[in-house]
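Asks: Following this message is one structure expressed as structure tokens.
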Amino acid sequence: MIPVVTPRIVLAGGFAARQPAAMRYTIALTSVLLLGLAAPVRAETVLRLAETATVMVHPDLLEATLRAEATAGTAAEAQRQVNTAIAAALERANKTEGVRASTGTYSVWRVGATPPDRSERWQANQSLLLKGNDGTILLSLVGDLQQKGLAVSALSWQLAPETEKKARAEATRQAITALRGRVDEAASLLGLSFDSFKEVRLDGARPPQPMPRAMMAAAPMAASAPPPTAQAEDIAVTATAAVDAVLVKR
């Protein structure tokens, strides 16, 4: 059996020897804690820094929004004309390689009478959204649909999701690399050394998307009219890294 040793503080006149065991243990534990508090504590300096990096990326996704419109004496006739136009446009788009098509908002409303024209009139329209990575193919399709009577509401270049994700990862890498260098530089200027990162915060902001280029409604284009033009411009993708770095004496 291992003997149990009770901590004991020796006081003048044999005071500790005359105290109960529980009190002697309390006195000993208190003395140990006081010795621990007297030990030196490592001095630390917390440095808070943030860095933002920007990557310029060429857009690779063209989006076009078109709409079919019709005005007729009845709501049913206006809708019939719109439905026919959208169905034909979808069929044409689905046959175009590399183009993704979807329909958007559908609206029907009664057109108010005017002094010159008191007849009953209804207007209907529906939007058609086209997306494609090949601008030449998509713009050619848009030109064909314009000739069929559809009007272009918006046309703009964007970043494909996978392209945006890759660009944001690169911007984050650059921000962290630059931030690490700034921490070392600041530590050197302060006469300290980098110890560890207490906290790291990453904020990858979505790139600002270019404003869609609106097209004014007009009469159907002539068969010989060329397709619209959409010139791409590089898009900025940014990421921010912020840290709380612990610095200590060299």
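Asks: Residue by residue, what Karplus-based ³J(HN,Hα) values in Hz, rounded to whole numbers, does region 167-174 have, using 6.51, -1.76 and 1.60 with θ = phi - 60° and x for Gly and Pro?
Replies: 5, 5, 5, 5, 5, 5, 4, 5
Asks: Once you have the Cα-Cα distance between Arg80 and Phe194, take 0.36 nm times their residue separation minus that, and quote the gain in nm to one decimal.
Replies: Fully extending the segment from Arg80 to Phe194 adds 33.8 nm.
Asks: Could you give the length gained by full extension between Ser119 and Thr45, i.e. 0.36 nm per residue of separation minus their alpha carbon distance, to one decimal place?
Replies: 18.6 nm
Asks: Next question, about the same structure. Collect residues whose amide H, placed 1.01 Å from N in the peptide plane, falls under 5 Å from the amide H of Ala154; neighbours closer than 5 in sequence don't count.
Replies: Thr65, Met215
Asks: Give me the distance between the Cα centres of region 51-85 and region 92-165, rounded to whole Å.
Replies: Taking the Cα centre of region 92-165 as reference, the centre of region 51-85 is 3 Å away.
Asks: List the GluC sites (Glu not before Pro) in region 47-149 that DSSP assigns to loop (not H, G, I, E or B) and whose Cβ has at most 12 other Cβ atoms within 10 Å. Which are they?
Replies: Sites meeting the loop and neighbour criteria: Glu97, Glu120.
Asks: Based on the Cβ-Cβ distance from Ala88 to Asp134, what FRET efficiency comes out when R0 is 25 Å, to the nearest 0.05?
Replies: 0.65
Asks: For Asp184 and Glu233, what does the FRET efficiency come to when R0 = 35 Å and r is the distance between their Cβ atoms, rounded to the nearest 0.05?
Replies: 0.40
Asks: Next question. Kindly write out, for region 182-187 in residue order, the coupling ³J(HN,Hα) from the Karplus curve 6.51 cos²θ - 1.76 cosθ + 1.60 (θ = phi - 60°), rounded to whole Hz, with x marking Gly and Pro.
Replies: 5, 5, 4, 5, 5, 4
Each reported figure results from applying straightforward, stated rules to the coordinates on display, with no laboratory input. Given the structure is predicted, the values throughout are model-derived calculations rather than measurements. Every residue, glycine among them, receives a Cβ derived from its backbone with ideal geometry; neighbour counts consider all protein chains shown.
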